[in-house]
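All remarks here apply to the structure that follows.
A short reminder: the numbers here are calculations on the coordinates, not readings from a lab. This one's a predicted model, so the numbers in the text were calculated from it and none came from an experiment. Positions of Cβ are backbone-derived with ideal geometry, glycine not excepted, and every protein chain shown enters the neighbour counts.
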Amino acid sequence: MILGIGTDIIENHRIGEVYRRYGHRFLNRIFTEEEIQYAESHEDPVPYLAARFAVKEAAVKALNIQGGQGISWKDVEVVGKIFGKKQ
């Protein structure tokens, strides 16, 4: 059953600015520990954080949750590779 379709586009530099300014305070509010570890395992974590942020926003849109009612950022977790690259 499809509840809805959500899309979101985010600019990496915007997430990068917030990440540099607030560091782990920002990360711990938005991302699960596994998402943080995955992003920080890369030389530049920003693209990985930005992609996961966009997926989380798209999920909220698809679920048609107005104003985040009853859901937190950490309730949506992105697992696996989202760039489609084989390793």
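Structure summary
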read-out: Summed residue charge, Cβ within 15 Å of Arg21's Cβ, Lys/Arg positive, Asp/Glu negative; value: +3
read-out: Cα-Cα P(r), the range 12-75, percent of pairs per 10 Å interval; value: 21, 54, 24, 2
read-out: Distant-in-sequence amide H partners of Asp8 (H built 1.01 Å from N, under 5 Å); value: none
read-out: Calculated from backbone phi, Karplus (6.51, -1.76, 1.60) coupling profile of the range 12-26 in Hz, x at Gly/Pro; value: 3, 5, 5, 5, x, 5, 5, 4, 5, 6, 10, x, 5, 4, 5
